Structure formats: structure tokens, C-alpha cells
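Trainee: Structure provided below as C-alpha cells; questions to follow.
All of the numbers you see were taken from the coordinates with simple rules; none came from a lab. Being a predicted model, the structure only gives us computed values, none of them experimental. All Cβ positions, even for glycine, are placed from backbone atoms using ideal geometry, and neighbour counts span all protein chains on display.
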Number of protein chains: 2
Amino acid sequence: MTTAGSVQPRAELLVCIKCRCGQDLPADARRPGQMLFDEIASRPCPEGLTVTPVECLQNCDHGCTIALRGGDARWTYVFGRVDPEVHPDMILDGAAQYHESAEGIIPWRQRPEHFKRNCIARIPPVSMPEDA
Amino acid sequence: MTTAGSVQPRAELLVCIKCRCGQDLPADARRPGQMLFDEIASRPCPEGLTVTPVECLQNCDHGCTIALRGGDARWTYVFGRVDPEVHPDMILDGAAQYHESAEGIIPWRQRPEHFKRNCIARIPPVSMPEDA
């Protein structure tokens, strides 16, 4: 739906659902990553955001792990050391702020503290040359 | 240029040029990340690959850092603990293999050992819903 003013492209919150969070778990145990996804999915989703479960974001040493992306104009961020019990609200808050920004950069002073200290990596906006 | 057979979209090798590689360096010192980029840029570039310097991939604790991406159909990978002196040939080799794969997944047995052990994170191919 288009409203007045500029409409940002959708953002996507990726949640690694296979994360063991460094724990030695039985094969059939519900994983911390799945708990994290379930907690996030049980909350109201901010406008313009899609939440996507992912099998493995390969940040296994510093999980749980989420990533935020949102089209070719935004930076993609990977955040680690997420706690499935403590952080779901913070993550959705941060994801909403990310969606509001055209470049995917949340202003530092508004950025959630956890995002400031637990960025695992970021990928710049796409500026790919034309296909060969 | 289009040749016979299937043509893969271009791939992009991103190199963090600001990386200090954990060293305490004078402000005007040439950084390990810049050395890495220069070493890579001085070599022949595999077909279909673009090498792009990036200001910061924010994997500062485990640098030097590179990333590989290549359009919406491929996984994006971030690799760390790259040595500017030892690894440039391996990286270009790996980037060429990445470019050859439709999904950005280098078959495990062919994957460079360094890539196997030093993946910092990966981001799945884009499957974004339509813009709101």
C-alpha cells in the first residue's frame, strides 16, 4: 500500500533458527535459534518488515544470530550474541528503525546498545556493474 | 559478453581496506586491509569478478576481512582472518569458484581450506516479497 510521503522498500529480519547458542543440546531439543524466532514471530510485526527463518547464518561461535537487509540501497547487518529471552523486543525495535532509514544505518545515538556492541559484519549496499 | 552456455551473473569481491588486523598502528600507516586490496588488485582478475574496496565491513576483531556476493540468487559470504601476504591467490581462486556456482556455494571438497574454517557469517539469497 502506498501512502503519502516517501515509502521505504521493505526490510527483512533474518533469524538463524538452527543456532545452539554454544550449548551442547540433545538432537531433538528445541534450539535457542528456534526459540528466538518463535518469540519474535509471536509479537506484532512492525510495518514494512518481513521476518524470515534461515537454516544457518554461519555465525555459530557467536550466536544467536540475526541479520537485517532491505533492498539494494541499504547496508546489510549481521548481529550476534542475541538472547532469545531478553532481546526479541529490542530486535523488533531495531528492525523498525532500520526500516525507517533509507541506507539501513540507524543513527548511532538511537541505535540499540546491543547492536552497537555486537555487530558481527556488515555488507555495503549493492552497486553491482551490469551483468557481463 | 555473452558466450555459449549459461552465463553466471557477475560476482563481487569486497575487501575491507580500513582493517588494522588487530594491530596498534600509527594513524598514517598503510593498513593491512589496504595491503590486502593492493595485492589482490595487482593480480589478474578472474572473468566475471569485480573487486571493490570497502571502508569497513565491521568484522574488526577478526580481520582482515573479505566478502563475496553476486546477485539475488547467490548466498553472500563474509570471511575473516585473512593474511594480506599469504592469502591473495587463494582468495582470487575462491572468488573464481564462487562465480562459477549459481547459488554461491562452493562445493565443500573444492572449497579453500581457509574459507572452510573462517566463515564469519553468510546471508541467504534474496527472496524479498514485493515492496509495500
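Trainee: Of B:42, B:101, how do they rank once you tally other Cβ atoms within 10 Å and put the fewest first?
Mentor: Working: B:42 8, B:101 16.
So the residues, fewest neighbours to most, are B:42, B:101.
Trainee: What ranking do A:51, B:7 get, fewest neighbouring Cβ atoms within 10 angstrom at the top?
Mentor: B:7, A:51
Trainee: Next question, about the same structure. Over the protein assembly as shown, what lengths in whole Å, largest first, do the semi-axes of the equivalent ellipsoid take, defined as the square roots of 5 times the eigenvalues of the alpha-carbon gyration tensor?
Mentor: With the √(5λ) rule applied to the protein assembly as shown, the semi-axes are 30, 22, 20 Å.
Trainee: Which FRET efficiency value, to the nearest 0.05, do you get for residue B:109 and residue B:72 by plugging their Cβ-Cβ distance into 1/(1 + (r/R0)^6) with R0 = 30 Å?
Mentor: Working: r = 27 Å, r/R0 = 0.89.
It comes to 0.65.
Trainee: Helix B:88-100 versus the longest principal axis of chain B: what is the Cα-based angle in degrees, 0 to 90, to the nearest 10?
Mentor: 20
Trainee: Let me ask you something else. If you line up the long axis of helix B:32-41 against the longest principal axis of chain B, both from Cα atoms, how many degrees apart are they, to the nearest 10?
Mentor: Tilt of helix B:32-41: around 50 degrees.
Trainee: Here is a follow-up. Over all residues in A:24-30, what is the mean tally of Cβ atoms on other chains that come within 10 Å of each residue's Cβ?
Mentor: Average per residue, whole number: 0.
Trainee: Once you sort the root eigenvalues of the Cα gyration tensor of the stretch A:7-80 as a ≥ b ≥ c, which label holds: rounded (a/c under 1.5), prolate (a/b larger than b/c) or oblate (the other case)?
Mentor: Taking the square roots of the gyration eigenvalues as a ≥ b ≥ c, the stretch A:7-80 is oblate.
Trainee: Let me ask something else about it. Could you tally the net charge around residue A:28, taking each other residue with its Cβ under 14 Å from the Cβ of residue A:28, Lys/Arg +1 and Asp/Glu -1?
Mentor: +3
Trainee: Taking 7 Å along the Cα-to-C-beta vector as the label spot, tell me the residue B:42-residue A:52 distance in nanometres, rounded to one decimal.
Mentor: Between residue B:42 and residue A:52, the label points sit 4.0 nm apart.
Trainee: Rounded to the nearest 20 debye, what is the charge dipole size of the stretch B:11-123 about its Cα centre when +1 sits on each Lys and Arg Cβ and -1 on each Asp and Glu Cβ?
Mentor: The calculation lands at about 320 debye.
Trainee: Over chain A, with a single point scatterer placed on each C-alpha, what log10 of the ratio I(q)/I(0) does the Debye formula yield at q = 0.12, 0.17 1/Å?
Mentor: Once normalised to I(0) and log-transformed, intensities are -0.47, -0.87.
Trainee: In what sequence do A:113, B:47 fall when counting other Cβ within 10 Å, fewest first? All intermediate terms of the calculation are to be shown ahead of the outcome.
Mentor: Numbers: A:113 8, B:47 13.
With the sparsest Cβ surroundings first, the list reads A:113, B:47.
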